[in-house]
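Take a look at the structure below.
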Amino acid sequence: MTLPIILCEDDIILMSHYKAIIDNWVMINDYDMQLVLATTDPEDIFLYLSKNKITNSLYFLDIDLGKDFDGIDVAQHIRTDNEFAQIVFITSHQELAMETLKRQIAPLDYIVKGEQSEKGQIENVLDGRHKSTFVDNRTNERHLSFMIGARNFRVDITSIYFLETSVTPHKIILYGENLMYEFYGKMNDLEKEYPELLRVHKSFLINPKKVISVDYKSRMIFFPDEYSCRFPLAKNKILRKTLDSIERSNRK
């Protein structure tokens with residue numbers, strides 16, 4: 001079944017730019033996908049959905065739509081009617097990612113406007129949706145699984161930076177490559193289930209293979225995309241040992 005794609009960006013020049021990227025990549029790779037709607041007006045999305053019943057679908061939504069409601073409002077409306085919709089936010093406001101957590105949008109990804117990798121980010125999303133929707137090649141990959149509402153999510157371990165206990169009781173926040181999720185869980189259970197992740201603090205479970213650098217003096221661990229977390233002095237030895245082992249393995 002063809003995967004329908006919907007794009008909403010209020011800047012008509014950018015909308016045409018994103019439309020061309022999507023259309024070209026789908027055509028070049030002969031993906032079973034179709035951009036069924038590209039618009040600057042979110043009302044067009046609601047009108048389209050009122051006339052077309054779709055479940056498995058992919059949305060690219062600009063967060064700042066210059067309207068009385070933003071892309072997060074649109075996403076929330078879509079999510080209410082279709083829990084299986086895959087939503088990708090296009091934004092220059094990375095700080096709004098936390099708002100999507102609060103409102104339980106659970107987006108598939110974030111595309112950062114203006115970055116040189118913008119085109120590549122969109123193409124990566126399309127590649128990922130093709131693989132997960134049409135290709136069964138994930139049997140040997142390790143995934144971290146969790147539930148958000150009635151929906152089950154599987155995140156590739158290699159894309160995770162770290163997990164952190166949320167200020168909301170009994171919830172965990174997962175940070176990774178252009179993704180962020182908040183879900184109910186216990187850090188102790190995750191530590192046992194995913195031994196490739198390292199517990200460096202009672203509140204942090206990290207993917208050591210994603211560590212960029214460590215400041216052992218200030219006891220800070222740094223990840224891509226300017227993410228960081230702290231660790232206590234007691235974890236100094238195990239952290240050094242783990243990272244040294246990864247470095248030796250990479251040299252082979």
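The values are calculated or read from the model by the stated rules, or taken from the named source; none is laboratory data. Since this is a predicted model, take the numbers as computed values, not measurements. For neighbour counting, all protein chains shown are included, and Cβ atoms are generated from backbone atoms with ideal geometry for every residue, glycine included. When the accessible area is computed, the model is the full protein with side chains, heavy atoms only, and any ligands, DNA or RNA have been set aside. Shrake-Rupley method; radii C 1.70, N 1.55, O 1.52, S 1.80 Å.
When 192, 237 are checked against the criterion of being more than 20 Å from the chain's Cα centre (by Cα), under 23 Å from residue 168 (Cα atoms), assigned to a helix (DSSP H, G or I) and among the charged types (D, E, K, R), a single residue qualifies: 192. Is one or more of the residues making up region 137-150 in contact (Cβ under 8 Å) with a residue 12 or more places away in the chain, open to solvent by less than 20 Å² (accessible area, probe 1.4 Å), in a strand (DSSP E or B) and over 30 Å from residue 19 (Cα atoms)? So far as region 137-150 goes, yes, one or more of its residues are in contact (Cβ under 8 Å) with a residue 12 or more places away in the chain, open to solvent by less than 20 Å² (accessible area, probe 1.4 Å), in a strand (DSSP E or B) and over 30 Å from residue 19 (Cα atoms). Across region 222-252, the qualifying residues are those that are hydrophobic (A, V, I, L, M, F, W, C) and touching a residue at least 40 places away in the same chain (Cβ under 8 Å), and the one among them that is nearest to residue 203 (Cα to Cα) is 229. Right, residue 34: over 22 Å from residue 151 (Cβ atoms), among the polar types (S, T, N, Q) and either in a loop (DSSP other than H, G, I, E, B) or open to solvent by 30 Å² or more (accessible area, probe 1.4 Å) (or both) or not? Criteria met by residue 34. Restricting attention to region 81-95, the residues that are surrounded by fewer than 14 Cβ atoms within 10 Å (Cβ to Cβ) and among the hydroxyl-bearing types (Ser, Thr, Tyr) add up to 1.
When only residues in region 44-80 that are exposed (fewer than 13 other Cβ atoms within 10 Å of the Cβ) and not hydrophobic (A, V, I, L, M, F, W, C) count, which is modelled with the lowest pLDDT? Here the answer is 66. Can you spot a residue in region 1-20 that is surrounded by fewer than 21 Cβ atoms within 10 Å (Cβ to Cβ), at pLDDT 85 or above and among the β-branched types (Val, Ile, Thr)? Within region 1-20, one or more residues are surrounded by fewer than 21 Cβ atoms within 10 Å (Cβ to Cβ), at pLDDT 85 or above and among the β-branched types (Val, Ile, Thr).
Considering only residues that are among the aliphatic types (A, V, I, L, M) and touching a residue at least 24 places away in the same chain (Cβ under 8 Å), which ones fall in region 15-54? The answer is 15, 21, 22, 26, 33, 35, 36, 37, 38, 45, 49, 54. Does residue 168 fit the bill of being open to solvent by 30 Å² or more (accessible area, probe 1.4 Å), within 29 Å of residue 85 (Cβ to Cβ) and within 19 Å of the chain's Cα centre (by Cα)? Considered against the rule, which asks whether it is open to solvent by 30 Å² or more (accessible area, probe 1.4 Å), within 29 Å of residue 85 (Cβ to Cβ) and within 19 Å of the chain's Cα centre (by Cα), residue 168 comes out as no.
Determine if region 73-88 includes at least one residue that is of a type in the set (Asp, Glu), touching a Pro at 6+ places or on another chain (Cβ under 9 Å) and not in a loop (DSSP other than H, G, I, E, B). Yes, because at least one residue in region 73-88 is of a type in the set (Asp, Glu), touching a Pro at 6+ places or on another chain (Cβ under 9 Å) and not in a loop (DSSP other than H, G, I, E, B). Restricted to region 212-252, and to residues there that are more than 19 Å from residue 195 (Cβ to Cβ) and of a type in the set (Phe, Trp, Tyr), the residue that is surrounded by the fewest Cβ atoms within 10 Å (Cβ to Cβ) is 216.
Being surrounded by 17 or more Cβ atoms within 10 Å (Cβ to Cβ), at pLDDT below 95 and within 30 Å of residue 124 (Cβ to Cβ) holds for only one residue in 205, 163, 198, 179, and it is 179.
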